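Here is the structure we will look at.
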Amino acid sequence: MRRETTLNSFPKMIYVEPSEIRRGGNNISSRMRDEDVRYYQLEGTSVKIGILSETHGNLDRTRDAIRALEREDVEVVLHCGDIGSESVLSELQSAFIADKIRFYAVLGNVDYPDSVYDSWSETDCFEILGRYGKITILDKTIAIIHGDNARVLDEAILSGDYAYVFTGHTHVKDDRRIASTRVINPGAVHRASVSTIAVLDLENDSLEFIDC
């Protein structure tokens, strides 16, 4: 049931139950229950990922970030948390569904209660993954964690289970490698002297930070 990515269809993303994942290869913090972690695997040919964080409810800055991502022709967008409001999600949903861009986000320390965001996961192309997300694209496993829980973030980075860990929280862009894991913080869309996003090309592992 593989469906290739085309301009007229969304990439195929499959939700994988935690019980189906080999637990020995996923050293999730003891403080995180299985149901707190969402696993997805992307089928198709998507390789260009837009990464953003810290929209903090600001619609003007969010629109700037959307335009920057659209110019880069990304196929998937990942939000690393501190969404800030449902109006931001509405703006993101309207733009990305129209553009056939999949969107996945984790919640940050300003995104409470979780139940406010439950209704935004009703479509298979626009999902809120809770507070710890995991997806696999082109055999590259990616963890998405806001970063306000340092223990959970450090365990994900040091586990060796992920090719990439995407995080936010600090409002400072960052790109570093720890052992076999590349850790990327796109910076902040709002509440930063310069608003930034990041674009990662998985095919060649190239990363670009973009002012927006």
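Cross-link pairs exceeding 19 Å between alpha carbons, from the set Lys48/Lys134; Lys48/Lys140; Lys100/Lys134: Lys100/Lys134. The length gained on full extension between Ser119 and Ile178, counted as 0.36 nm times the residue separation minus their Cα-Cα distance, comes to 17.6 nm. Spin-label model, Arg71 to Ala192: label points 7 Å out along the Cα-to-beta-carbon direction sit 1.6 nm apart. Between the listed residues Ala98, Ser115, Ala156, the Cα displaced farthest toward the positive end of the dipole of the range 88-212, a dipole computed from Cβ unit charges relative to the Cα centre, is found at Ala156.
For an R0 of 25 angstrom, estimate the FRET efficiency from the Cβ-Cβ distance between Thr170 and Val110 and round to the nearest 0.05. Efficiency, rounded to the nearest 0.05: 0.95. Bridges between two residues of the range 91-212, per DSSP, are antiparallel at a rate of about 65%. Charge tally for Leu69 (other residues, Cβ to Cβ under 14 Å; Lys, Arg +1; Asp, Glu -1): -3. With R₀ fixed at 35 Å, the C-beta to C-beta distance from Ser94 to Asp139 puts the FRET efficiency at about 0.65. With the cut-off at 1.5 for a/c, could you classify the range 35-211 from its C-alpha gyration tensor as rounded, prolate or oblate? Judged from the Cα gyration tensor, the range 35-211 comes out rounded (a/c under 1.5). A cut-off under 14 angstrom between Cβ atoms defines the neighbours of His169, and their net charge, with Lys, Arg +1 and Asp, Glu -1, is -2. Averaged over residues, the count of other Cβ atoms within 10 Å places the peptides 87-98, 53-64 in the sequence 53-64, 87-98, highest first.
Every number here is computed from the coordinates shown, using simple stated rules; none is lab data. Being a predicted model, the structure only gives us computed values, none of them experimental. With ideal geometry, Cβ positions are generated from the backbone for all residues, glycine too; neighbour counts draw on all protein chains shown.
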